[in-house]
1. Go through the residues of region 24-33 one by one and say whether even a single one is buried (at least 21 other Cβ atoms within 10 Å of the Cβ), modelled with pLDDT under 80 and in a helix (DSSP H, G or I).
2. Mind listing just one residue for me: the one in region 96-114 that is farther than 18 Å from residue 24 by Cβ and of a type in the set (A, V, I, L, M, F, W, C) and, of those, modelled with the highest pLDDT?
3. Can you tell which of 124, 77 is over 13 Å from residue 33 (Cα atoms), of a type outside the set (A, V, I, L, M), out of contact with any strand residue (DSSP E or B) (no Cβ under 7 Å at 6 or more places or on another chain) and in a helix (DSSP H, G or I)?
4. Check 130, 126 and return the single one that is of a type outside the set (Lys, Arg) and over 15 Å from the mean Cα position of the chain (by Cα).
5. Quick one: is residue 206 over 19 Å from the mean Cα position of the chain (by Cα), part of a helix (DSSP H, G or I) and either touching a residue at least 24 places away in the same chain (Cβ under 8 Å) or at positive phi (or both)?
6. Is it fair to say residue 123 is more than 18 Å from residue 212 (Cα to Cα) and either buried (at least 23 other Cβ atoms within 10 Å of the Cβ) or touching a His at 6+ places or on another chain (Cβ under 8 Å) (or both)?
7. Read through the list (1) in contact (Cβ under 8 Å) with a residue 60 or more places away in the chain; (2) in a helix (DSSP H, G or I), then give the number of the only condition that residue 164 fails.
8. If only one of 190, 172, 157 is without any contact (Cβ under 8 Å) to a residue 60 or more places away in the chain, basic (Lys, Arg) and either assigned to a helix (DSSP H, G or I) or surrounded by fewer than 21 Cβ atoms within 10 Å (Cβ to Cβ) (or both), which one is it?
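The values are calculated or read from the model by the stated rules, or taken from the named source; none is laboratory data. Because the structure is a prediction, the values reported are computed rather than measured. Ideal geometry is used to build each Cβ from the backbone, glycine not excepted, and the neighbour counts take in all protein chains shown.
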Amino acid sequence: MTNGIFAARLGALMLNEGFVLFPILGVGAFFFPKLLGGAAPGPSDLQIEPVLWAKGAAIAALTALVIWFSFVMEALGWIRTAAVVRGLTTLWYFVVRGRLFKAPSTPPFMAQCFRLGALLLVAGLLLPALLPNYRVANLHLTFIGGFTIILFTVSTRVILGHSGHQHLFQKRLRFLIASLVLLILATLARVSADFVLPERNSHLVYAALIWLVAAIVWAWALGPKLLISADE
C-alpha cells in the first residue's frame with residue numbers, strides 16, 4: 001500500500017466517522033451524566049478540582065488516541081481488529097465517563113432514548129468485526145441509529161430547557177417517540193439494502209424518505225418552541 005492510498009483511507013475514516021464520534025464522546029463526558037441524572041449543567045460544573053480535571057483530561061486523551069489508532073488500523077486493512085478496538089473503547093467511555101447505565105434520578109424517558117442511540121452506535125462500530133464486507137451498511141447503523149438518535153435526543157433536551165419548557169422533561173414525548181421509531185425503520189431499510197441487491201435502490205429511497213419524515217415530525221413539534229418561550 002502506498003502512502004497516498006493510506007492517507008486517503010485514513011482521511012476518509014476521520015472525516016466520515018471521527019468528525020462526529022469524537023465530539024459526541026467529548027461532549028458526552030460533561031453533558032450526558034446530567035441528562036441521565038436529570039440535572040441541567042450549571043456554572044458550578046465548570047469549577048472542577050485540578051486533580052479531577054487532569055484525571056478526566058488524561059482519560060479523554062487516551063480514549064481519543066486509542067480510537068484514532070483504530071482508524072489507522074482500519075486504513076491498513078485490519079478491519080475486524082479496528083472494529084473491536086473502536087467499538088469497545090467507545091462503549092467503555094460511554095459507561096465510565098458518560099454514566100451510560102446510571103439510574104436516572106428523574107423519569108427515565110430521555111435516558112432511555114439516549115441509551116438506545118448509544119447502544120446502536122456501539123453496535124454499528126462493532127458489526128464490521130462480524131461482517132467486514134458490509135462496511136457501508138454497518139456505517140449506516142452507526143449514523144442513522146446511533147448518531148441521529150443521540151442528536152435528536154440531546155437537541156430535544158437543549159431546546160426544551162432553553163425555551164422554558166423544563167416541565168416536559170418529566171413526560172414521555174410522543175413526537176420524540178414517533179421520530180425515533182421512524183429513525184429505527186430508516187436504519188433497518190438502509191442497512192438491509194446491501195443484503196437484498198435486487199431491491200437495493202427501493203430500500204435506499206424508503207430509508208431516505210422515512211428519515212425525512214422523522215426529521216419533519218421532530219422539527220414540527222419543536223420548531224414553535226424555538227420562536228416562543230414558555231415565559232411569554
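1. Yes, some residue in region 24-33 is buried (at least 21 other Cβ atoms within 10 Å of the Cβ), modelled with pLDDT under 80 and in a helix (DSSP H, G or I).
2. Going through the qualifying residues, I end up with 109.
3. 124
4. None of the other options fit; the residue is 130.
5. no
6. Judged against the criteria, residue 123 is not a match.
7. (2)
8. 190
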